[in-house]
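What follows is a single structure, written as structure tokens, with notes after it.
The values are calculated or read from the model by the stated rules, or taken from the named source; none is laboratory data. In this text the structure is predicted, and so the values were computed from the model without any measurement. Virtual Cβ from ideal backbone geometry, glycine too; neighbours counted across all protein chains shown.
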Amino acid sequence: MPLPDTMYCAEQINIPPELPDILKNFAKAAIRTQPRDLLQWSQAYFSALANGEPLPVKDQLEVNVATQESDTGLTPGLLKTLHKQLSHRQTCSKEDLQKKWRALCLPRVQLEMLLSLGDFGSDISWMEFFTLACSGLGGTIITALKFACEILTEDEEGGPARIPFSTFVQMYTYLAHLDGDITQEHMDSFLGGLQTQANHQNGMIQVSNFCTRKGGNARLNTP
């Protein structure tokens, strides 16, 4: 209903009943996510909301990042947000990844470095990109896999951070091949030692199983 030319009282203003909840949820999401460019992020937020898509919102506030004055780039919380948005398909388009990345106000140069390092084309294997992005969070393969487990796990925060061993093998193998200096014999030995533990844990592996093992401390040249 169009507003009258002259407003005499508050009762003449029609406020949609769902508006307070929408604004409340938006404010909470902005506080948790701490976007560097609030207007750019807000556009992506309401566009996703209108289309029924996963929202560009962190699960929780990353205090150490939010207090930084400069752009700190990709964080575990932001990578988890990207994973929720893009992991529903095995592959995603480069254009869609760029759009989601930009919506989270992440540095364009960091994305370009990851795409170049992984030699990705127009269609991107999401798990390969996700794994490579984890290596950007921590320099060694072991650290990258630790971040990956903590992001992918369905365990509560602070728990064992378990993921399927098959997923772990896929990520470790990708990073080891990308590194280029890890021999197949070394890879087989590293994974073989973990296979026994996974067999006793219903095919799952947790962070404590591999963080102290040798064979994953190679450092990748990631941004």
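Summed over the range 143-177, residues that are within 15 Å of N202 (Cα to Cα) and of a type in the set (S, T, N, Q) total 3. Scan the range 18-51 for residues that are surrounded by fewer than 11 Cβ atoms within 10 Å (Cβ to Cβ) and over 14 Å from R102 (Cα atoms) and jot them down. Scanning the range 18-51 gives E18, L19, P20, D21, L23, K24, A27, A50, N51. Looking only at the range 153-163, count how many residues are surrounded by fewer than 21 Cβ atoms within 10 Å (Cβ to Cβ) and touching a helix residue (DSSP H, G or I) at 6+ places or on another chain (Cβ under 8 Å). So the count comes out to 1.
Evaluating I182 against the criteria (1) at pLDDT 90 or above; (2) among the hydrophobic types (A, V, I, L, M, F, W, C); (3) not in a helix (DSSP H, G or I) leaves one unmet condition, (1).
Filter the range 185-212 down to residues that are of a type outside the set (A, V, I, L, M) and crowded, with 17+ Cβ neighbours inside 10 Å and give me whichever is nearest to T140 (Cα to Cα).
Once the filter is applied, the top-ranked residue is F210.
Here F168 meets the list (1) in contact with a strand residue (DSSP E or B) (Cβ under 7 Å, 6 or more places away or on another chain); (2) not in a helix (DSSP H, G or I) almost entirely, failing just condition (2).
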